[in-house]
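Report on the following structure.
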Amino acid sequence: AGAHKLLTLVIVDDGERVLLGRKKRGFGEGYYNGFGGKVEPGETVREAAERELHEEACIVAEDMKEAGILVFAFDDQPLPWEVHVFSATKFKGEPTETEEMAPIWFKHGDVPYEKMWADDIHWYPMFLGRRYFRGVFAFSKSTLLWHTLLEGP
Ligand code: 6U4
Ligand code: NA
Ligand code: NA
């Protein structure tokens, strides 16, 4: 633990398309997003990422690896969020709609940034290019006020 909230985000990328979910409830409702959520006590970040991917998309990643780290500061929340982003190219199971998410494939050129969080357009190119990234983003509500983005470990 630390003075931040730990979350995960898994994006399946088969090389031509990414699997995103339209969030049906909770934080970011109506927006497209990877799959993920809060790390629970007693689990590792990777375990949390695997669990959330299974809970939200009904699939099991076979080659999940660390893709980057995002830190978000929100004006209306006491703690910043540290989001560990993972990529996977292979998985078991069939992506299935759940109570939380409706999964859809998007070609790399058709990622719906206008219906995604404002930070995504900045770091997806690095993600899609398989380049490790570290970003810091300051939000007021859903408006991105400021950011910095570094490439490389
Ligand atoms: P519960 O309360 O269990 O339903 P949980 O699933 O743990 O919630 P949730 O869904 O609120 O957490 O997690 C938020 C998800 O949104 C995480 O996968 C991280 C991701 N996320 C948060 N801010 C993001 C942003 N600005 N851009 C982005 N993903 C973001 O692409
Ligand atoms: Na979630
Ligand atoms: Na959760």
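Quick one: which of VAL45, VAL39 is within 12 Å of ligand 3 (Cβ to nearest atom) and touching a His at 6+ places or on another chain (Cβ under 9 Å)? It would help to see each step written out before you state the result.
On the way: VAL45 fails: within 12 Å of ligand 3 (Cβ to nearest atom).
Residue meeting the stated conditions: VAL39.
Any residue that is within 16 Å of ligand 2 (Cβ to nearest atom), within 19 Å of GLY135 (Cα to Cα) and in contact (Cβ under 8 Å) with a residue 40 or more places away in the chain - is there at least one of those in segment 54-73?
Yes - at least one qualifying residue is present in segment 54-73.
Can you spot a residue in segment 38-55 that is assigned to a strand (DSSP E or B) and at pLDDT 95 or above?
The initial filter retains those residues of segment 38-55 that are assigned to a strand (DSSP E or B), namely 38.
Checking which are at pLDDT 95 or above leaves us with 38.
Within segment 38-55, one or more residues are assigned to a strand (DSSP E or B) and at pLDDT 95 or above.
From ALA49, ALA67, which residue is touching a Phe, Trp or Tyr at 6+ places or on another chain (Cβ under 6 Å) and within 26 Å of LEU145 (Cβ to Cβ)?
Working: ALA49 fails: within 26 Å of LEU145 (Cβ to Cβ).
Just a single option satisfies the conditions, and that option is ALA67.
Please specify each residue of segment 107-137 satisfying the condition of being surrounded by fewer than 17 Cβ atoms within 10 Å (Cβ to Cβ) and among the small types (Gly, Ala, Ser).
Selection gives GLY109, ALA118, GLY129.
Which one is nearest to the chain's Cα centre (by Cα) among residues in segment 17-44 that are buried (at least 18 other Cβ atoms within 10 Å of the Cβ) and of a type in the set (A, V, I, L, M, F, W, C)?
Ranking the qualifying residues of segment 17-44, first place goes to PHE35.
Looking only at segment 72-106, which residues are of a type in the set (Val, Ile, Thr), assigned to a strand (DSSP E or B) and crowded, with 16+ Cβ neighbours inside 10 Å? So that I can check it myself, show each step before the final result.
Start the filter on segment 72-106 by keeping residues that are of a type in the set (Val, Ile, Thr), which leaves 83, 85, 89, 96, 98, 104.
Restricting the remaining residues to those that are assigned to a strand (DSSP E or B) gives 83, 85, 104.
If the condition is that a residue be of a type in the set (Val, Ile, Thr), assigned to a strand (DSSP E or B) and crowded, with 16+ Cβ neighbours inside 10 Å, then VAL83, VAL85 are the ones that fit.
The values are calculated or read from the model by the stated rules, or taken from the named source; none is laboratory data. No experiment lies behind these values; they were computed from the predicted model shown. In this analysis, Cβ positions are derived from the backbone assuming ideal geometry, glycine residues included, and neighbour counts consider all displayed protein chains.
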